[in-house]
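The block underneath contains the structure these notes are about, expressed in structure tokens.
The values are calculated or read from the model by the stated rules, or taken from the named source; none is laboratory data. Since we're looking at a predicted model, the values are computed, not measured. Counting neighbours? That spans all protein chains shown, and the Cβs are built from the backbone with ideal geometry, glycine included. Heads up: the accessible areas ignore ligands, DNA and RNA and are worked out on the full protein's heavy atoms, side chains in. Shrake-Rupley method; radii C 1.70, N 1.55, O 1.52, S 1.80 Å.
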Amino acid sequence: GIGISGKEGMQACQNSDYSISQFRFLRRLMLIHGRWNYRRISLLVSYSFYKNIVLVITQFWFGFQSQFTGQSLYDGFAGNSYNVFFTSGILVTAVLDKDASERVLLAHPELYKSGILNEKLTTKVFWGWWFEGLYNSGIIYLLCIYSISDTIVHTNGWIMGLDVMGLVVYTCAVYIVNIRLALTNNYWTWINWLFFWGSIILWYVFGLFYCSEAGFIFTDTMYWVFMVMLESAALWFIPFVICVIGVIPILIKLGAQRLVEPSLKQQLKHIEASGGLLPNEIEKAKAKEEEEKQKKSRTDFRSRSKHTSSVMIDVGRKNKKAKYRGFSTTQESKGGLSQSLKAAAEAAKRNLRKVSRRVSTAHKGAPSAVLNNPV
């Protein structure tokens, strides 16, 4: 399980397979590394069955020709070195392969469901690899047996014997299983290239050493057999033809699947390769843009409210000044409030003039006695 170190102690971390210091690291651990590792392990198991089916079932086909006498088609030491030296590239793929980038996996967590549903290690997947190995083994054996069984492989007139036949079949198996791994690999580094070409080159280096005088420490039955195989142009051409015939159906299958019914992962990888935004990223960008608009609207509203409040406070203060200091506007010559105070002062003066006129009119129309003796 996964342990999270915290204040409660380190008991959970010490008894866990993986330990993290913060809960937020769980997202990357599961969605990215968890999915990658699930797919790597599934591919390791399936491919290990496949590459051994190619080698072993070819021996089974040879049993029909040898009447099941127990005669081996391969040299014993070469057969034992098949998984360790000449088809070991799967170990690099099982460690470094990444079928999707971190960006795609984090943006679309639904891709993690392939591990929950165990889509990469089902009975259907197993039998798919099994029949593919069966097909490749049949192609290797039939073409080698019936196309070059009587081919002259030496200048002195020797024809291909059982030992040469076994080396040709073994060479074709090494070629085709390494090419199949290359078609499965999604993430290429210099280590992948090193193991891909290194496995093939190492087979030729091993054959030259094993079938020379130095190989006597292992066996004396394979002396110079590998050199005899290399002298024939037909035996250089046959592995190429077998690889083409064996790989074409796989390419057609993979290409048809991508064109007719591409998976969600393939669609997202295509969008990422074209430089576009992923669907979930577009939705997140829209949501973020909407949130920014709402935030800006709230900020504008608050600033307007604050400005209105400050204006009202200023108006109140100036009104108080006008109340206690009269309508003098010498110090308030600017702003709308000063204009209003001027208008109010002018109106008051007009009213005062009207009152003065009425008083003067009243004095003119009064009796002279009253005017002469007001007491």
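In nm, what is the difference between 0.36 nm times the number of residues separating E213 and L29 and their Cα-Cα distance?
Working: separation 184, 0.36 × 184 = 66.24 nm, distance 5.38 nm.
Stretched fully, the E213-L29 segment lengthens by 60.9 nm.
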Can you give the accessible area of W236 in Å² (nearest 10), computed on protein heavy atoms with a 1.4 Å probe?
-> 130
Hey, rough spin-label estimate for S147 and L194, points 7 angstrom out along Cα→Cβ, what's it come to in nanometres?
-> 3.4
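Relative to the present Cα-Cα distance, how much length would full extension add between E289 and L162 at 0.36 nm per residue of separation?
Working: separation 127, 0.36 × 127 = 45.72 nm, distance 7.32 nm.
Residue separation times 0.36 nm, minus the Cα-Cα distance, leaves 38.4 nm.
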Run the 1.4 Å probe and let me know the accessible area of F23, rounded to the nearest 10 Å².
-> 140
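Applying a 10 Å radius around every beta-carbon, put 56-68, 250-262 in order of their mean neighbour count, most first. Write down the numbers at each step before the final one.
Working: 56-68: 15.0, 250-262: 11.0.
Final packing ranking: 56-68, 250-262.
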Whenever you get a sec, compute what percent of the accessible area on segment 1-83 sits on carbon and sulfur atoms (1.4 Å probe).
-> 60
Members of K269/K296; K265/K286; K98/K124; K113/K284; K265/K288 lying beyond 27 Å, as alpha-carbon distances in this model show | K269/K296
Overall dimensions of segment 85-242 by Cα: Rg and Dmax, Å | 20.0, 67
Calculate the spin-label point distance for R298 paired with Y204, positioning each point 7 Å from the Cα along the beta-carbon direction, and give it in nanometres.
-> 7.0
